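Below you'll find the structure, written out as structure tokens, and then a few comments.
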Amino acid sequence: MRIKLMAAAFVLSAAGLVAAPVASAQAAVPTVRSGMEINVDETIITATSCTLGAVVSPTKALTAGHCGHVGQEVYDEHGDTIGRITANRITKGLDIAVISLGRNTHAQVDLIAWSAPIVKGERVTKNGVTTRFSAGTITDPKPTMRTAYGYSFAPPFLLQNTTTSVRALLRSAEGDSGSGIRDAQGNVIGILSAGSSDTDTLIAPVSLLPANLR
């Protein structure tokens, strides 16, 4: 079965290259919340669009590891900088990246169940920027190394990542990468990593994220 990464790449329109109006002195403070669209520059004229999965604290948030590299700035849908990727576990076999939030942001902190077990048949939900809210169930709760494939406008163009995940019957599509996966109590237990169809989705358990990155 061919598993696809769920990040969406898009090209900036010509209209987006015109000069932006001068910002007002009372510029709005960006709000950072789970389920919001986030963007990371891929090339000079393209960006990768993902979903912010969980706000861990007023200074830290999580998304999928394949959505960006350490050191890259993260923007909201309006182009405002909300932070920078400061850790990424994808090369360690876990598709989760840590975003350090900027001081000029207002964070809506989520409840995270760091040590909650994931069990077969458990009801889970997610809120992604592409398919929005959807509910499903865990079909394979055993953390297993699985390979996902995707594409990029930047070299090497064809992506392949082997990371640890559990499997769920849950709707997802490109752009939903990084969505927070919640249990029946509303606690985030995982980050959406990839999918091979509308309903076959892979989840990176947050329990595998090292304590120093939480």
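The values are calculated or read from the model by the stated rules, or taken from the named source; none is laboratory data. Since the model is a prediction, treat every value here as computed from it, not as a measurement. For accessibility, only protein heavy atoms count, side chains too; no ligands or nucleic acids. Shrake-Rupley method; radii C 1.70, N 1.55, O 1.52, S 1.80 Å.
How far, in nm, would the chain grow between Thr31 and Ser115 when pulled straight, counting 0.36 nm per residue and subtracting the alpha carbon separation?
On the way: separation 84, 0.36 × 84 = 30.24 nm, distance 2.76 nm.
Going from the current span to full extension adds 27.5 nm.
Taking the alpha-carbon distance from Lys92 and a cut-off under 16 Å, which aspartates and glutamates remain once sequence neighbours fewer than 8 residues away in the same chain are dropped?
none
Could you please state how large a percent of the accessible area of the stretch 79-146 is carbon and sulfur, counting protein chains only and using a 1.4 Å probe? Don't skip to the answer; put the middle values down first.
Details: 1870 of 3640 Å².
Answer for the stretch 79-146 is 51 percent, counting heavy atoms of protein chains only.
Determine the per residue accessible area of the stretch 84-214 with all protein chains present and a 1.4 angstrom probe, expressed in square angstrom.
On the way: 6110 Å² over 131 residues.
Each residue of the stretch 84-214 exposes 47 Å² on average to a 1.4 Å probe.
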